[in-house]
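Peer 1: Input: one structure, supplied below.
The values are calculated or read from the model by the stated rules, or taken from the named source; none is laboratory data. Just so it is clear, the model here is predicted, and its values are computed rather than measured. Using ideal geometry, Cβ is built from the backbone for each residue, glycine included, and neighbour counts are taken over all protein chains shown. These accessible areas exclude ligands, DNA and RNA; they are computed on the full protein's heavy atoms, side chains included. Shrake-Rupley method; radii C 1.70, N 1.55, O 1.52, S 1.80 Å.
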Amino acid sequence: MDAYGELESMLLEIVEDKLGKIGIAVIIDSTDTIVVNNDSDYPLMSMFKLHEALAVCDKLDADSVGLDAMMTVNQENLNPDTWSPMFKKHSAEDSFSISVGRLIEYILVDSDNNASNLLFEKVVSVMETDSIMRSFVSDGNFALKYKESEMQADHGLAYENRSSPLAYSVLVNKLFTDSIVSPEKQNYIKNAMEKCDTGMKRLAGPLVDKNGVRFAHRTGSGYVNSRGQIVAVNDGGYVILPSGKEYAITVLVKDYAGTQEEAESVISEISETVYEFINEQ
């Protein structure tokens, strides 16, 4: 068994007999790939906001428009009953102006649902985003069909925005190692992912206290389905070690029958196992 075959065995042992389906994909130095349960039926939830940010930037590039482009937002077009730090900040205003760059920051750092809906409605549709992403990455094992407002109205639609763990890791790896959109916009997205502070007990858990480790990510969390299972507890990101080793890592948890905290603990254990193994190579 080669070195990374041993890591795969360790990861298989972690996910065995857990209370949900757990998929893992790790791409090390753009060369070695490890996958566990790499099916394409994992609901993305807010992880699709990375696809959205890239599609928005691609559309801006095509139109020769910068991140400082402004749009006017009317309060009546925002949903007060969804996760939205942007709404809370501007709740006293009938309307306000905001840059596209700030909206991208809201979706990547804060996972803001109103900001996501606005970008899909005003800049690039979900269908266009799916098409643009397929032109960026060779692994097409994903589907983007619905925006946040549609999934909030019908929670079952969350299963239609889906991906394999590897398709997500391929996208993250390309973001950090290749050219997708203009350099200014791509760096803006990467920096926003480094500032993301949602789900910090997941992949970030064992990494935050490691000296010299850089980490960027995007999380997704699901509704509770009719069977009492959490539809999704997800995290996907990029890790740069002081040694120079780098890896993309995605962990997707589907239909988890325990608590979110328990699912996050499993993701953290996976992250720690991968970090410790790669760091020792």
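Peer 1: Looking at the range 150-162, which of the residues that are under 19 Å from the mean Cα position of the chain (by Cα) and not in a helix (DSSP H, G or I) is nearest to Thr129 (Cα to Cα)?
Peer 2: Residue satisfying both the conditions and the ranking: Asn161.
Peer 1: In addition: Is there a residue in the range 46-59 that is of a type in the set (Val, Ile, Thr) and farther than 23 Å from Ala263 by Cα?
Peer 2: yes
Residue-wise test of (1) on the phi > 0 side of the Ramachandran plot; (2) open to solvent by 50 Å² or more (accessible area, probe 1.4 Å); (3) touching a residue at least 40 places away in the same chain (Cβ under 8 Å).
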{"site": "Gly212", "(1), (2), (3)": "yes, yes, no"}
{"site": "Thr219", "(1), (2), (3)": "no, no, yes"}
{"site": "Val231", "(1), (2), (3)": "no, no, yes"}
{"site": "Tyr238", "(1), (2), (3)": "no, no, yes"}
{"site": "Leu241", "(1), (2), (3)": "no, no, no"}
{"site": "Thr250", "(1), (2), (3)": "no, no, yes"}
{"site": "Gln260", "(1), (2), (3)": "no, yes, no"}
{"site": "Ile267", "(1), (2), (3)": "no, no, yes"}
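Peer 1: Let me ask another. Kindly establish whether Asp178 is surrounded by 23 or more Cβ atoms within 10 Å (Cβ to Cβ), acidic (Asp, Glu) and modelled with pLDDT of 95 or more.
Peer 2: The answer is no for Asp178.
Peer 1: Among the numbered criteria (1) open to solvent by 50 Å² or more (accessible area, probe 1.4 Å); (2) within 29 Å of Leu203 (Cβ to Cβ), which one does Tyr42 miss?
Peer 2: Failed condition: (1).
Peer 1: Right, next: When you go through Gly20, Gly5, Gly66 one by one, which is the residue that is more than 23 Å from Ser135 (Cβ to Cβ) and at pLDDT 95 or above?
Peer 2: Gly20
Peer 1: Something else about it: What's the total number of residues in the range 101-159 that are closer than 18 Å to Met71 by Cβ and of a type in the set (Phe, Trp, Tyr)?
Peer 2: 2
Peer 1: Taking the range 169-201 as the region of interest, how many residues are among the basic types (Lys, Arg), closer than 25 Å to Phe136 by Cβ and either in a loop (DSSP other than H, G, I, E, B) or in contact with a strand residue (DSSP E or B) (Cβ under 8 Å, 6 or more places away or on another chain) (or both)?
Peer 2: Residues in the range 169-201 being among the basic types (Lys, Arg), closer than 25 Å to Phe136 by Cβ and either in a loop (DSSP other than H, G, I, E, B) or in contact with a strand residue (DSSP E or B) (Cβ under 8 Å, 6 or more places away or on another chain) (or both): 1 in total.
Peer 1: Taking the range 20-37 as the region of interest, how many residues are among the polar types (S, T, N, Q) and touching a strand residue (DSSP E or B) at 6+ places or on another chain (Cβ under 6 Å)?
Peer 2: Qualifying residue count, the range 20-37: 2.
Peer 1: Let me ask something else. Given (1) in contact (Cβ under 8 Å) with a residue 60 or more places away in the chain; (2) within 23 Å of the chain's Cα centre (by Cα); (3) over 23 Å from Phe176 (Cβ atoms), where does Asp29 come up short, assuming only one miss?
Peer 2: Only one criterion in (1) in contact (Cβ under 8 Å) with a residue 60 or more places away in the chain; (2) within 23 Å of the chain's Cα centre (by Cα); (3) over 23 Å from Phe176 (Cβ atoms) is unmet by Asp29, namely (3).
Peer 1: Kindly indicate whether Ser64 is at positive phi and either of a type in the set (Val, Ile, Thr) or out of contact with any His (no Cβ under 6 Å at 6 or more places or on another chain) (or both).
Peer 2: yes
Peer 1: Quickly run through the range 33-65 and pick out the residues that are touching a Ser or Thr at 6+ places or on another chain (Cβ under 9 Å) and small (Gly, Ala, Ser).
Peer 2: Scanning the range 33-65 gives Ser40, Ser46, Ala55.
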